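The values are calculated or read from the model by the stated rules, or taken from the named source; none is laboratory data. These numbers come from a predicted model, not from an experiment. In this analysis, Cβ positions are derived from the backbone assuming ideal geometry, glycine residues included, and neighbour counts consider all displayed protein chains. All accessible areas refer to the heavy atoms of the entire protein, side chains included, with ligands and DNA or RNA removed. Shrake-Rupley method; radii C 1.70, N 1.55, O 1.52, S 1.80 Å.
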Amino acid sequence: MSVDVERLIRDYGHLEGKDLLAALVDGELAGHIAVTSSFGAESAVLLDLVAEVDPGLPVIFLDTDELFDETIAYRTQLECHLGLTNVIVVRPTKAELRDAEELWRTDEDRCCELRKVRPLARAVAGYGALVDGRKRAHGAEREGLATLSGGGGVLKVSPLAKWSAEEIEAHFIRRNLPRHPLVAQSYRSIGCWPCTRPVEAGQSPRAGRWAGKGKSECGIHTMSLGRDGSGI
């Protein structure tokens, strides 16, 4: 589906949260919009809104083969708790996993490309819009994040972009949402186990991702996935 990204930004850029999701999912993007979720520390909030709007909306979960066991279990827990009916598990090919073996030690960017960017690009090819859980409160490249933006001809939808850490926490409490097990161990942003560490009080939520490497994004949000699904 080809989308007029700039017009959609003009028409819906003033909305956020559940209102933004509903307007797009129930409107002209019906059937052409998907959610990408890591089922990480804060993922339950976005997925709760998704479940309220349409529990059958495609939710794409990227299993890199290096995730924490706790994340795999949490995905199943949230899926059942929220009543999500269309969680799609995406994995790298055998060839990509072979080429990526131990790369996290020497070339994190290439590892992310093989384990994340390429598999996700294949999975989302054909969608006109992709929903994610990014927030300005995460800092770094996300500080100026808009609720709607363009990338490779795809509308990127970040319904929680303007939500503060306090608002996220309040939603967890109000909706009695289950927590990722690693949050209790001071993990605030959770990805692959070799490149994820707990964070100290006062640090950015993403300070534990690729700690000490000068890297804060894996590429799935900063690289254009493209309309052809090439991912590169």
Note to self: Would you calculate the convex hull of the Cα atoms in the chain and tell me its volume per residue in Å³?
What the structure shows: 116 Å³
Note to self: Cut-off 10 angstrom, C-alpha nodes, Gaussian network model of the chain. Which of 149, 38, 189 fluctuates the most?
What the structure shows: 149
Next item on the list: Might you report the magnitude of the Cβ-based charge dipole of region 5-181 about its Cα centre, with Lys and Arg at +1 and Asp and Glu at -1, to the nearest 20 debye?
Entry: 220 debye
Notebook entry, point to check: With each label point set 7 Å from Cα along the Cα-Cβ vector, what nm distance links residue 176 and residue 136?
Noted result: 3.3 nm
Checklist line | Spacing of the two label points (7 Å from each Cα toward its C-beta) at residue 15 and residue 98, in nm | finding: 4.7 nm
Next item on the list: Calculate what fraction, in whole %, of the accessible area of region 5-181 sits on carbon and sulfur atoms when a 1.4 Å probe is rolled over the protein chains.
Entry: 47 percent
Notebook entry, point to check: Accessible area, 1.4 Å probe, largest first: how do 188, 91, 209 sort?
Noted result: 91, 188, 209
Margin query: Helix-only mean residue ellipticity at 222 nm, the chain, DSSP H runs n ≥ 4 weighted -39,500 (n - 2.57), per residue, nearest 500. What is it?
Written below: -9000 deg cm²/dmol
Next item on the list: Take the alpha carbon atoms of region 1-56, find their center, do the same for region 135-214, and report the distance between the two centers in whole angstrom.
Entry: 18 Å
